[in-house]
Amino acid sequence: GYIEYTETYEWIGDYPDPPELNADELEKLAEHPDYANFLSPDVNYERWMATHEQRKSIFELRTQLDALPRKPTISIVLPVYNTPLRHLHACIKSVQRQNYPHWELCIADDASTDVNIAEILSSYTTAEPRIKVVFRTTNGHISAASNSALQLATGKYILLLDHDDELAPDALLTIATAINEHPDAKLVYSDEDKIDRSGIRRNPHFKSDWNPDLLLSQNYVGHLCVFEHERLKACGGFREGFEGAQDHDLLLRFTHDLPGDVILHVPHVLYHWRAITGSTALAATTKSYTKRSGLKAVRSATAKLNRTALVEAGLIPNSYHVMFPIPDEPPLVSLIIPTRDQLSIVRQCIDSIVQLTSYSNFEIIVVDNGSEQPETLEYFEQITSDSIRLLPYDAPFNYSAINNFAVQQARGSILGFVNNDIEVISRNWLTEMVAHALREDIGCVGAKLYYGDGSIQHGGVILGIGGVAGHSHKRLPRNDTGYHGRLHLVQNLSAVTAACMLVRRSIFNEAGGFNETDLAVAFNDVDFCLKVRALGYRNVWTPYAELYHHESASRGKEDTPEKIKRFAAEIEFMKDSWPEALSRDPYYSPNLTLEREDFSIAT
């Protein structure tokens with residue numbers, strides 16, 4: 001009952017290489033923003049492939065297959081329309097050479113005008129009983145064609161495949177193994193990369209585990225994606241009118257109200273997305289209609305979450321910004337700013353908040369931890385008012401204790417923790433953060449912070465970097481989109497920095513506040529975020545709240561024996577308290593490095 005196994009990734013086909021691009025085609029190709037990614041092989045990725053994709057022997061593959069208690073049939077849905085013949089052959093052959101035999105390939109030809117397509121597809125069905133084809137008489141576009149292919153499917157799971165892409169040889173066996181390990185899984189998705197005209201693989205996307213806010217911002221799930229057939233049918237399959245974003249629309253509907261523990265991310269590259277001129281793989285701007293369809297899909301999904309939420313185009317192509325509503329009477333936000341002297345810094349912070357913040361209902365609580373300079377004390381007297389209060393805190397510096405103390409005096413239902421070296425950039429920063437903080441399932445809300453030179457200071461916190469945690473994309477240029485756009489996308493993260501963080505007072509109390517006993521200075525915000533996450537809330541980071549964090553201006557160095565000892569103790573506390581969390585951040589791939597903060601490939 002075994003199919004013939006192959007141990008190669010090489011192209012198996014009978015068609016010659018396509019002709020080289022002419023000058024006009026090359027000029028058009030060069031206009032694509034991703035063009036530079038396709039000039040030469042990615043040495044780091046090639047090294048990663050050599051290390052992590054070691055081929056298994058036939059005996060090992062058979063042993064793995066035999067060990068599976070369940071061997072479900074996986075139906076592969078393949079809509080076809082005028083596919084270049086070489087790519088169509090490569091696509092189908094990538095299914096035939098799978099190391100898992102329990103599949104069926106369900107093809108719908110969407111009335112291709114190329115007469116060779118029908119002949120080729122018919123020849124495959126004659127030679128391979130697991131391949132089924134329906135020939136549509138009218139062209140209905142991808143949603144209709146996908147539904148036609150779906151009608152042929154009999155498997156328990158449905159895998160989506162585009163007509164010019166390829167599956168990795170172990171794709172189905174890896175998915176089947178994952179399903180056996182997680183039998184309740186309703187949705188399974190993998191990592192992917194791109195394959196160019198020469199067959200060179202590059203630009204891998206090592207994805208986050210289930211990240212619902214990121215999915216609202218962008219279809220990060222992409223390929224390879226496997227759906228439980230029964231639920232997929234209950235969702236109604238693909239919706240016509242969403243062409244260009246039909247997969248995104250399906251994912252949003254399929255995952256609505258679906259518990260996160262039945263959505264499984266397999267961190268292996270199992271799908272090769274073909275990057276050729278005109279394909280979305282090469283440049284997201286290629287197909288402009290995807291923007292309109294994507295907006296329609298996200299608006300439809302968001303309406304189920306909150307009917308009054310607004311959705312607009314995001315900061316990068318095919319991304320979306322969901323603006324959740326704030327009540328007509330906005331809640332009071334208590335912005336807590338601990339400080340000690342450093343008048344120029346704290347004045348800049350407070351002035352920027354007062355002068356640039358469009359959100360109106362907030363109070364500022366300045367917690368004075370022993371200021372002595374006369375000009376600082378005079379400034380505090382000048383600014384004290386109903387909306388700006390001064391709280392003396394006469395005890396040794398303990399960031400956690402200071403903020404816990406201030407929370408007891410705060411009047412707001414939303415708490416904002418703000419360092420004294422923060423400076424507002426975007427007027428809507430607080431509006432954006434409050435809108436997320438008010439969402440029932442959201443815990444901590446973090447902002448996008450820059451150093452004074454404009455480089456990234458905080459794009460969220462990644463667990464495990466440097467042993468405990470590090471800031472995402474630190475020191476990248478201000479306008480850098482980050483890893484697969486993540487610096488421009490609202491997303492869930494394990495933690496965010498309390499240099500600028502919002503949380504509802506009720507959640508703060510439920511989590512027990514900051515740990516002032518074990519984490520007086522470092523990692524108290526990470527620990528707090530993890531406590532909030534453990535309560536079942538999702539933490540979120542937004543690039544639409546932009547502020548400067550002049551970190552070097554106020555933060556002292558850990559350079560005395562006492563500070564070094566305290567910092568080492570805080571590291572050990574975090575490792576002892578959160579060993580599982582620090583070993584595997586669900587919002588960061590195990591295929592990415594923990595040695596740096598730049599999302600580079602692990603070596």
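The values are calculated or read from the model by the stated rules, or taken from the named source; none is laboratory data. Please read these numbers as outputs of a predicted model, since none were measured by experiment. Glycine also receives a Cβ, built like all others from the backbone with ideal geometry; neighbour counts cover every protein chain displayed. All accessible areas refer to the heavy atoms of the entire protein, side chains included, with ligands and DNA or RNA removed. Shrake-Rupley method; radii C 1.70, N 1.55, O 1.52, S 1.80 Å.
Between a first residue in region 527-547 that is closer than 13 Å to residue 443 by Cβ and in a strand (DSSP E or B) and a second residue that is open to solvent by less than 30 Å² (accessible area, probe 1.4 Å) and of a type in the set (Asp, Glu), which pairs have beta carbons less than 9 Å apart while being 6 or more apart in sequence or on different chains?
538/213; 540/213; 541/213
Quick check: is even one residue across region 566-581 polar (S, T, N, Q) and touching a residue at least 60 places away in the same chain (Cβ under 8 Å)? Break it down into steps so the answer makes sense when it comes.
First, the residues of region 566-581 that are polar (S, T, N, Q): 577.
Then drop every residue that is not touching a residue at least 60 places away in the same chain (Cβ under 8 Å), which leaves none.
No, there is no match, as no residue in region 566-581 is polar (S, T, N, Q) and touching a residue at least 60 places away in the same chain (Cβ under 8 Å).
Considering only region 296-333, state which residues are out of contact with any Ser or Thr (no Cβ under 6 Å at 6 or more places or on another chain), open to solvent by 30 Å² or more (accessible area, probe 1.4 Å) and farther than 30 Å from residue 363 by Cβ.
Hits for region 296-333 are 296, 299, 300, 303, 304, 307, 312, 313, 315.
For region 199-229, what are the residues that are without any contact (Cβ under 8 Å) to a residue 60 or more places away in the chain and open to solvent by 10 Å² or more (accessible area, probe 1.4 Å)? Walk me through how you get there before you give the answer.
As a first pass, look at region 199-229 and keep what is without any contact (Cβ under 8 Å) to a residue 60 or more places away in the chain: 215, 221-222.
If the condition is that a residue be without any contact (Cβ under 8 Å) to a residue 60 or more places away in the chain and open to solvent by 10 Å² or more (accessible area, probe 1.4 Å), then 222 is the only one that fits.
Just to be sure before I move on: is residue 270 crowded, with 19+ Cβ neighbours inside 10 Å and within 23 Å of residue 157 (Cα to Cα) in the structure I sent? Full working, then the answer.
Working: crowded, with 19+ Cβ neighbours inside 10 Å: yes; within 23 Å of residue 157 (Cα to Cα): yes.
Answer is yes for this residue.
Can you tell me which residues in region 511-526 are part of a helix (DSSP H, G or I) and touching a helix residue (DSSP H, G or I) at 6+ places or on another chain (Cβ under 8 Å)?
Here is the first cut: in region 511-526, the ones part of a helix (DSSP H, G or I) are 511, 524-526.
Residues satisfying the conditions are 511, 524, 526.
Return the residues of region 162-201 that are assigned to a helix (DSSP H, G or I) and farther than 23 Å from residue 259 by Cα; say none if nothing qualifies. Lay out the reasoning, then the answer.
The initial filter retains those residues of region 162-201 that are assigned to a helix (DSSP H, G or I), namely 171-181.
Once the filter is applied, which keeps residues that are assigned to a helix (DSSP H, G or I) and farther than 23 Å from residue 259 by Cα, region 162-201 yields 171, 172, 173.
Which residue, of 381, 375, 432, is within 34 Å of the chain's Cα centre (by Cα) and charged (D, E, K, R)? Even if it seems obvious, please write down each step before you answer.
Values: 381 fails: within 34 Å of the chain's Cα centre (by Cα); 375 fails: within 34 Å of the chain's Cα centre (by Cα).
It is 432.
Would you point out the residue of region 283-295, among those that are farther than 20 Å from residue 225 by Cα and crowded, with 18+ Cβ neighbours inside 10 Å, that is modelled with the lowest pLDDT?
Kept after step one, since they are farther than 20 Å from residue 225 by Cα, are these residues of region 283-295: 283, 285-289, 291-292, 295.
Keeping just the survivors that are crowded, with 18+ Cβ neighbours inside 10 Å gives 283, 291.
Details: 283: 45, 291: 87.
Filtering first and then ranking leaves 283.
Of all residues in region 583-603, which are under 22 Å from residue 478 (Cβ atoms) and charged (D, E, K, R)?
596, 597, 598
Please verify whether region 79-97 includes one or more residues that are touching a Pro at 6+ places or on another chain (Cβ under 6 Å), closer than 15 Å to residue 171 by Cα and touching a residue at least 12 places away in the same chain (Cβ under 8 Å).
Going residue by residue through region 79-97, those that are touching a Pro at 6+ places or on another chain (Cβ under 6 Å) are 97.
Of the ones still in play, those that are also closer than 15 Å to residue 171 by Cα are 97.
Pick out the ones that are also touching a residue at least 12 places away in the same chain (Cβ under 8 Å) and you get 97.
Yes, that holds for at least one residue.
Condition check: surrounded by fewer than 23 Cβ atoms within 10 Å (Cβ to Cβ), at pLDDT 95 or above and either more than 30 Å from residue 50 (Cβ to Cβ) or of a type in the set (Val, Ile, Thr) (or both). Does residue 262 satisfy that?
Values: surrounded by fewer than 23 Cβ atoms within 10 Å (Cβ to Cβ): yes; at pLDDT 95 or above: yes; either more than 30 Å from residue 50 (Cβ to Cβ) or of a type in the set (Val, Ile, Thr) (or both): yes.
Answer is yes for this residue.
If I go through region 202-222 residue by residue, how many of them are among the basic types (Lys, Arg) and either in a helix (DSSP H, G or I) or at pLDDT 95 or above (or both)? Even if it seems obvious, please write down each step before you answer.
The initial filter retains those residues of region 202-222 that are among the basic types (Lys, Arg), namely 202, 207.
Next, from what is left, pick out any that are either in a helix (DSSP H, G or I) or at pLDDT 95 or above (or both): 207.
Residues in region 202-222 being among the basic types (Lys, Arg) and either in a helix (DSSP H, G or I) or at pLDDT 95 or above (or both): 1 in total.
Taking into account only those residues within region 345-403 that are assigned to a loop (DSSP other than H, G, I, E, B) and of a type in the set (Gly, Ala, Ser), which is nearest to residue 570 (Cα to Cα)? Give the steps one after another, and end with the answer.
Keep residues of region 345-403 that are assigned to a loop (DSSP other than H, G, I, E, B), which gives 357-361, 369-373, 384-387, 393-398.
Those left that are additionally of a type in the set (Gly, Ala, Ser): 358, 360, 370-371, 385, 387, 395.
Details: 358: 38, 360: 38, 370: 24, 371: 26, 385: 37, 387: 35, 395: 20 Å.
Only one residue fits best here, namely 395.
Quick check: anything in region 150-158 more than 22 Å from residue 290 (Cβ to Cβ), open to solvent by 10 Å² or more (accessible area, probe 1.4 Å), touching a helix residue (DSSP H, G or I) at 6+ places or on another chain (Cβ under 6 Å) and not aromatic (Phe, Trp, Tyr)?
Yes; the residues of region 150-158 include at least one that is more than 22 Å from residue 290 (Cβ to Cβ), open to solvent by 10 Å² or more (accessible area, probe 1.4 Å), touching a helix residue (DSSP H, G or I) at 6+ places or on another chain (Cβ under 6 Å) and not aromatic (Phe, Trp, Tyr).
Of the residues that sit in region 122-148 and are assigned to a helix (DSSP H, G or I) and free of Cβ contacts under 8 Å to residues at least 40 places away in the same chain, which one is least open to solvent (accessible area, probe 1.4 Å)? Step through it out loud before you land on a result.
Initially, region 122-148 is screened for residues assigned to a helix (DSSP H, G or I), giving 122-127, 141-148.
If we keep only those that are free of Cβ contacts under 8 Å to residues at least 40 places away in the same chain too, we end up with 122-127.
Values: 122: 50, 123: 64, 124: 19, 125: 47, 126: 119, 127: 83 Å².
Checked region 122-148; the qualifying residue least open to solvent (accessible area, probe 1.4 Å) is 124.
Taking only pairs six or more apart or across chains, which ones have beta-carbon atoms under 8 Å, a first residue in region 171-189 that is surrounded by 17 or more Cβ atoms within 10 Å (Cβ to Cβ), and a second residue that is among the small types (Gly, Ala, Ser) and part of a helix (DSSP H, G or I)?
So the pair list comes out as 185/178; 188/178.
Filter region 48-84 down to residues that are of a type in the set (Ser, Thr, Tyr) and surrounded by fewer than 16 Cβ atoms within 10 Å (Cβ to Cβ), then give me how many there are. If you could, list the steps in order and put the result at the bottom.
Initially, region 48-84 is screened for residues of a type in the set (Ser, Thr, Tyr), giving 51, 57, 63, 73, 75, 81, 83.
Right, trim to surrounded by fewer than 16 Cβ atoms within 10 Å (Cβ to Cβ) and you get 51, 57, 63.
Residues flagged as of a type in the set (Ser, Thr, Tyr) and surrounded by fewer than 16 Cβ atoms within 10 Å (Cβ to Cβ) within region 48-84 amount to 3.
Could you look through region 566-599, keep only residues that are over 15 Å from the mean Cα position of the chain (by Cα) and among the small types (Gly, Ala, Ser), and pick out the one that is surrounded by the most Cβ atoms within 10 Å (Cβ to Cβ)?
581
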